[in-house]
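Worksheet: one structure, shown below.
The values are calculated or read from the model by the stated rules, or taken from the named source; none is laboratory data. Just so it is clear, the structure is predicted and the values come from calculations on it, not from any experiment. With ideal geometry, Cβ positions are generated from the backbone for all residues, glycine too; neighbour counts draw on all protein chains shown.
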Ligand SMILES: *Cc1c(COP(=O)(O)O)cnc(C)c1O
């Protein structure tokens, strides 16, 4: 059996969820969209369901998968419905629903529902992607309140630059939100992971942590709270071949790496078809039998070459960690010019193996 696999530590997931709730002193929707950022939504939901305030996903397809697996907690659809026909199922399965656009508001008013839905009304406070314009928000809120199809309304907005700790844009967005909110008496939700970790001054009755649940930092720089996160996924495999090369020999596709010295090369069963980023350059850290070394040469579809020259005890069958508790996914991501969100979501082909303790 090919040794490539992703180990998922569900205790670490619970630790990170508790941290999100504790530091924000708020209720927390665990964001498990995109198959829990590659970690497996159903298993992650089951690990959290006894303590969670609710879950958030991108669309009804993801929410249905959770309900069908027996998850009874509230589930928020972060983009609401994509067509009015979904409202029947939203009612039947008791999902919570974001309303971010006028067409959704109108469809909701027109729907023939038997029970009042919980709606999260989204304001565009400056990200300029979705959400009601500040001039239209209060009127939209009033329409929701007078509709018999709507019960509780939560006011929400989303920050574009909360991961930049020295950027004033989050303050500006908060101010825009506070101005529009005015005297509306309702619960609010503004904070995603970077905001939970880095913007304690932002109020929120509900927080929406995603990436931090999986133990990866959303920041480029070290950050105190982020350093308390526990990585949930370990992507690992084994060395399947070893060769000794003299100095001056090319390794892998395009010969883009040439040995600078006599080099012991380990070949690992892992590649970009597993989701490891193809653009990770020579020098990207990997851990072999617990010791740090570097990736060398191009990442291939099914194989990756690593430098074993300084690890004489490592060889055939040695375990290689590509990211996990020793090599941080955020470091690999930044070497490869991307973010941990994407490298987790790109995971495929490897089996996910879960541990609870
Ligand atoms: C994905 C998403 C989140 C979670 O963001 P993280 O940065 O992963 O914490 C929160 N809110 C909304 C609206 C989202 O779409």
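Total residues in segment 121-133 satisfying the condition of being away from the ligand (no atom under 12 Å from the Cβ) and out of contact with any strand residue (DSSP E or B) (no Cβ under 7 Å at 6 or more places or on another chain): the figure is 3.
Give me the pairs: first residue in segment 73-90 and touching a residue at least 12 places away in the same chain (Cβ under 8 Å) and assigned by TED's automatic domain parsing to the domain that holds residue 120, second residue surrounded by fewer than 21 Cβ atoms within 10 Å (Cβ to Cβ) and part of a strand (DSSP E or B), beta-carbon distance under 9 Å, and six or more apart or on different chains, which are they? Once the first residue is touching a residue at least 12 places away in the same chain (Cβ under 8 Å) and assigned by TED's automatic domain parsing to the domain that holds residue 120 and sits in segment 73-90, its partners that are surrounded by fewer than 21 Cβ atoms within 10 Å (Cβ to Cβ) and part of a strand (DSSP E or B) give 73/54; 74/54; 74/118; 75/54; 76/54; 76/118; 76/154.
For residue 180, the stated conditions hold: it is over 17 Å from residue 333 (Cα atoms), away from the ligand (no atom under 13 Å from the Cβ), assigned to a helix (DSSP H, G or I) and in contact (Cβ under 8 Å) with a residue 12 or more places away in the chain. Checking the structure you have, find out if any residue of segment 102-111 is surrounded by 14 or more Cβ atoms within 10 Å (Cβ to Cβ), in contact with a strand residue (DSSP E or B) (Cβ under 8 Å, 6 or more places away or on another chain), touching a residue at least 12 places away in the same chain (Cβ under 8 Å) and farther than 26 Å from residue 173 by Cβ. The answer is no, given that none of the residues of segment 102-111 is surrounded by 14 or more Cβ atoms within 10 Å (Cβ to Cβ), in contact with a strand residue (DSSP E or B) (Cβ under 8 Å, 6 or more places away or on another chain), touching a residue at least 12 places away in the same chain (Cβ under 8 Å) and farther than 26 Å from residue 173 by Cβ. When we screen 204, 195 for residues that are in a helix (DSSP H, G or I) and within 16 Å of the ligand (Cβ to nearest atom), the only hit is 195.
Restricting segment 213-232 to residues that are farther than 20 Å from residue 336 by Cα and in contact with a helix residue (DSSP H, G or I) (Cβ under 8 Å, 6 or more places away or on another chain) leaves a set whose member that is nearest to the ligand (Cβ to nearest atom) is 213. Looking only at segment 329-354, residues that are buried (at least 18 other Cβ atoms within 10 Å of the Cβ), more than 16 Å from the ligand (Cβ to nearest atom) and not in a helix (DSSP H, G or I) come to 2 in all.
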